[in-house]
Amino acid sequence: MPRLGEGAPAGAGEDSDVRAAYRACKRIVREAHSAEYALLHLMPPPIQPACWALYAAFHTADGLIDTTEGTPAQRSEHLAAWTAALRTEADHGHSGDPVRRALVDTVRRWGIDLDDLDESLSSIAADADGTAPATWQDWRARVKSQNTGWVGQFLRLLERCGVRFPVDLGQLAAVSGFLDGLYLTDTLADLADDVNRGTLTLPTEVLDRFPGAGSDLSARHFSPNVQALVAHLLQRARQSLTDGHDELRHHLHPGADILLQALVAYFRARLDVAEESGPAILQRPCEPDRLTRWRIMAPARSKAFLLWRLVPLRTPPAAGPRAGVPPQRNPGPQQPSATVTVPAVPVPAHPSGARPPAIDHDRLPHHVAIIMDGNGRWATSRGLPRTAGHTLGARAVRDMAMGALEIGLPHLSLYTFSTENWHRSTDEVFHIFRVLGDELEDGWILRHDIRLRWIGDAQRVPCDLAAKLRDQEAATRHRTGLTLNLCLDYGGRTELARAGSAIARAARAGDLTHGDMSERDFARYLPYPDMPDVDLLWRTGGEQRLSNLLPWHVSYAELHFTTGLWPQMDRRDLWQVISDHTHRHRRYGSAPSPDAPPAASTKTAITQRVT
Ligand code: IPE
Ligand code: IPE
Ligand code: MG
């Protein structure tokens, strides 16, 4: 794969000074931070040059402050000038400084937002006077503000090239605990340098706990109190690394996990050296020897090499027009696939030979939504992994679509993956996506008279799955049979919030001529304004809740809750639920007429499968 900074073509409109700039960043990282350089080699190849640019920028910004040259105020000024130059250059797209030149390119190419680095840069500048934080809480706040901006950019780069994270890592307490562990390890490993330069910034709270340790440290005297302090810090650093690592692991893509394992192993090795150093901890930095580093990095590097060849990755996009461009979304229907022109094949009958019940057209619900619940329980009750439930659940989806076609249902919405489902293990989440991808690959939707629509967030779903969904949406958009809405990475409240934002934008742009908004006006800001209200909402698996599905559309739906688990369901269950529904009396607020069915029929009911 061609790479920036390695003499390969850099992309549209790219020139040799950009390649030279990336090479300069690579050199800086390799020479000043050889371990980090090795760790960055575990990143997906398309983003490695961007990683060098970010790391070299961090190194440069930190270096302007972490020096004994000039007064603190001058150091701060230097960094402020460097940051201001970066901002201006990002707007113009050029810089004479190699580190900023590469960073400007990274910002424009990968959609990095410089605002996200602002807090970190100003916090690094504020550190110029070297004042120690008073408490661990202050220390943690400082670590967080100086580092999370950069960590966030590395995560963003991973996402931009197609490595998804099932949760917002920025929101996880484990991430901030883990950063504490990394930073404290750094402090211990570099104790000698920091003491020499007088830039040690341990919280006074911990120095007070070991009286005299602060002055002994400055005098580079490895006194019993310094020993006790170091032992305490080592233990604290190990604990933070372990806790953070254990929780983070559950949320990572296998490629990111390789990086995490190597990072943790390397930082633990640094702590081991610090522990074994004794008084030498005050004389020289604590770095593992070459053999130890090789033992950690070599296997990680071969694993990463193989893995990144197996995972579909996005190559560097062409540099964008401006800094802070909005995040790149998954491929939309830029090049709609050809619409399917072959006639739809006949719907295969259910293997039992069952036929749909005859239901008057005007009694048939127009829109049925299903919360397909119980895959996990179905599998675990049989001693199988939860993933097996999702595999079988996909078969039920296909049969249900066939049943909807047979009975002549116009709209069927299937809750396939909720925004809350990202809380599940990475294995389970990726398995669900894989199963969905396989179903689309099979092409059954294309073969039948189905118009596919995807409702949900297009940003976090793996690119290849998003592309398949968009392709099949485009290919089936002319179909008139069943509209099949797949709610995938869908969250009802997010949908409403987005509609609210769109309305606010329209108002700001002067597109809303009057202040009052009718329900119909509001619906125009939903993803599919023509989507009809849900008449019947069916949830399998025995739970009686809506789990954030289509709040706008289900507001007057009849609710049907059944106890059977989704993988056990087939089209006969759908027909049964629809038949039951035809006996419901929908009043929409009116008083019951004397000849209406008994009021009890409108209550929700838990029913067993009747077929
Ligand atoms: C529903 O089944 C499928 C999805 C959420 C993707 P579950 O996986 O929720 O099954 P249970 O509720 O754990 O049994
Ligand atoms: C709802 O099921 C989401 C889907 C069926 C896709 P869940 O099983 O995730 O819902 P909760 O967590 O029980 O509400
Ligand atoms: Mg469930």
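The values are calculated or read from the model by the stated rules, or taken from the named source; none is laboratory data. Every value quoted in this text rests on a predicted model; they were computed, and no experiment measured them. Cβ coordinates were reconstructed from backbone atoms using ideal geometry, including for glycine residues, and neighbour counts include every protein chain displayed. Calculation scope for accessible area: heavy atoms of the full protein, side chains included, ligands and nucleic acids excluded. Shrake-Rupley method; radii C 1.70, N 1.55, O 1.52, S 1.80 Å.
Taking the condition out of contact with any Gly (no Cβ under 9 Å at 6 or more places or on another chain), outside any loop (DSSP other than H, G, I, E, B) and within 18 Å of G181 (Cα to Cα), does V264 pass?
Working: out of contact with any Gly (no Cβ under 9 Å at 6 or more places or on another chain): no; outside any loop (DSSP other than H, G, I, E, B): yes; within 18 Å of G181 (Cα to Cα): yes.
Against the criterion (out of contact with any Gly (no Cβ under 9 Å at 6 or more places or on another chain), outside any loop (DSSP other than H, G, I, E, B) and within 18 Å of G181 (Cα to Cα)), V264 does not qualify.
Kindly provide the set of residues from region 535-557 that are free of Cβ contacts under 8 Å to residues at least 60 places away in the same chain and within 16 Å of ligand 3 (Cβ to nearest atom), ordered by number. Step through it out loud before you land on a result.
Pass one, region 535-557, residues free of Cβ contacts under 8 Å to residues at least 60 places away in the same chain: 545, 551, 555-556.
Hit for region 535-557 is R545, nothing else.
Quick check on region 299-310: of everything there that is open to solvent by 30 Å² or more (accessible area, probe 1.4 Å) and of a type in the set (A, V, I, L, M), which residue is farthest from the chain's Cα centre (by Cα)?
Filtering region 299-310 down to residues open to solvent by 30 Å² or more (accessible area, probe 1.4 Å) leaves 299, 301-303, 305-307, 309-310.
Of the ones still in play, those that are also of a type in the set (A, V, I, L, M) are 306-307, 310.
Details: L306: 23, L307: 19, L310: 20 Å.
By that ranking, first place goes to L306.
Report the residue count in region 233-266 for those that are closer than 22 Å to L217 by Cβ, open to solvent by less than 40 Å² (accessible area, probe 1.4 Å) and modelled with pLDDT of 90 or more.
Of the residues in region 233-266, 3 are closer than 22 Å to L217 by Cβ, open to solvent by less than 40 Å² (accessible area, probe 1.4 Å) and modelled with pLDDT of 90 or more.
Please go through region 384-427 and pick out each residue that is of a type in the set (G, A, S) and either within 23 Å of the chain's Cα centre (by Cα) or more than 14 Å from ligand 1 (Cβ to nearest atom) (or both). Can you show your working first?
Here is the first cut: in region 384-427, the ones of a type in the set (G, A, S) are 388-389, 393-394, 396, 401, 403-404, 408, 413, 418, 425.
If the condition is that a residue be of a type in the set (G, A, S) and either within 23 Å of the chain's Cα centre (by Cα) or more than 14 Å from ligand 1 (Cβ to nearest atom) (or both), then A401, G403, A404, G408, S413, S418, S425 are the ones that fit.
Output the residue which, of all residues in region 214-232 that are within 19 Å of L271 (Cβ to Cβ) and out of contact with any Phe, Trp or Tyr (no Cβ under 7 Å at 6 or more places or on another chain), is surrounded by the fewest Cβ atoms within 10 Å (Cβ to Cβ). Spell out the reasoning first.
We begin by selecting, within region 214-232, every residue within 19 Å of L271 (Cβ to Cβ); these are 217, 222, 226-232.
In the following step, the residues that additionally are out of contact with any Phe, Trp or Tyr (no Cβ under 7 Å at 6 or more places or on another chain) were identified as 217, 222, 226-227, 230-232.
Details: L217: 23, F222: 18, V226: 23, Q227: 16, V230: 22, A231: 12, H232: 14.
Taking the candidates together, the pick is A231.
Report whether or not M531 is farther than 23 Å from N375 by Cα and in contact with a strand residue (DSSP E or B) (Cβ under 9 Å, 6 or more places away or on another chain).
Working: farther than 23 Å from N375 by Cα: yes; in contact with a strand residue (DSSP E or B) (Cβ under 9 Å, 6 or more places away or on another chain): yes.
The answer is yes for M531.
Before we move on, is R398 within 16 Å of ligand 2 (Cβ to nearest atom), open to solvent by 10 Å² or more (accessible area, probe 1.4 Å), in a helix (DSSP H, G or I) and within 17 Å of D573 (Cβ to Cβ)? Explain how you work it out, then say what you get.
Working: within 16 Å of ligand 2 (Cβ to nearest atom): no; open to solvent by 10 Å² or more (accessible area, probe 1.4 Å): yes; in a helix (DSSP H, G or I): yes; within 17 Å of D573 (Cβ to Cβ): yes.
Criteria not met by R398.
Among residues belonging to region 422-457 that are open to solvent by less than 30 Å² (accessible area, probe 1.4 Å) and within 16 Å of ligand 3 (Cβ to nearest atom), point out the one that is farthest from T387 (Cα to Cα).
Residue satisfying both the conditions and the ranking: W422.
Select from region 362-420 the residues that are among the charged types (D, E, K, R) and either closer than 23 Å to G443 by Cβ or in contact (Cβ under 8 Å) with a residue 40 or more places away in the chain (or both) and list them in ascending order.
From region 362-420, those among the charged types (D, E, K, R) are 362-363, 373, 377, 382, 386, 395, 398-399, 406, 420; that's our starting set.
Those that are among the charged types (D, E, K, R) and either closer than 23 Å to G443 by Cβ or in contact (Cβ under 8 Å) with a residue 40 or more places away in the chain (or both): R363, D373, R377, R386, R395, R398, D399, E406, E420.
Looking only at residues that are surrounded by fewer than 23 Cβ atoms within 10 Å (Cβ to Cβ), away from ligand 1 (no atom under 12 Å from the Cβ) and hydrophobic (A, V, I, L, M, F, W, C) in region 359-383, which one is modelled with the lowest pLDDT?
Among them, the one singled out is I359.
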